[in-house]
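Novice: Next up is a structure, given as structure tokens.
Please treat every number below as a calculation from the coordinates, not as lab data. Computed from a predicted structure; not experimentally measured. Counting neighbours? That spans all protein chains shown, and the Cβs are built from the backbone with ideal geometry, glycine included.
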Amino acid sequence: MTPKTFESALSQLEKIVQELESPELPLEKALKVFEQGVQLSKFCSKKLDETESRVRLLMQDIDGNLEERPFLNAEES
């Protein structure tokens, strides 16, 4: 099942990491859970790439020039 949001995928990934850290997890189950994690990771990566593209588009000026600036967190601004 594909998550609908980045946040839900990230939450599922966190649960998968916890499950994989369990020493009692059978190998076959671990492999299945790992595969789910890989798919979620790809989904998150795709969402981040899409978001970066949208941010770049929004940063273009009227002439279409792109001025790249580093993102500043609240502490840096």
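Novice: What order, most packed first, do the peptides 44-53, 20-29 have when packing is the mean number of other Cβ atoms within 10 Å of each residue?
Specialist: On the way: 44-53: 11.9, 20-29: 9.0.
Going from most to least packed, we get 44-53, 20-29.
Novice: A further question on this structure: Applying the Karplus parametrisation 6.51 cos²θ - 1.76 cosθ + 1.60 with θ = phi - 60° to the phi angles of the range 23-39, what ³J(HN,Hα) value in whole Hz is obtained for each residue in order, glycine and proline being reported as x?
Specialist: x, 8, 5, x, 4, 4, 5, 4, 5, 5, 5, 4, 4, 4, x, 4, 5
Novice: How much length is gained on full extension from residue 6 to residue 55, taking 0.36 nm per residue of separation minus their Cα-Cα distance? Walk me through the intermediate numbers first.
Specialist: Working: separation 49, 0.36 × 49 = 17.64 nm, distance 1.61 nm.
Gain on extension, residue 6 to residue 55, equals 16.0 nm.
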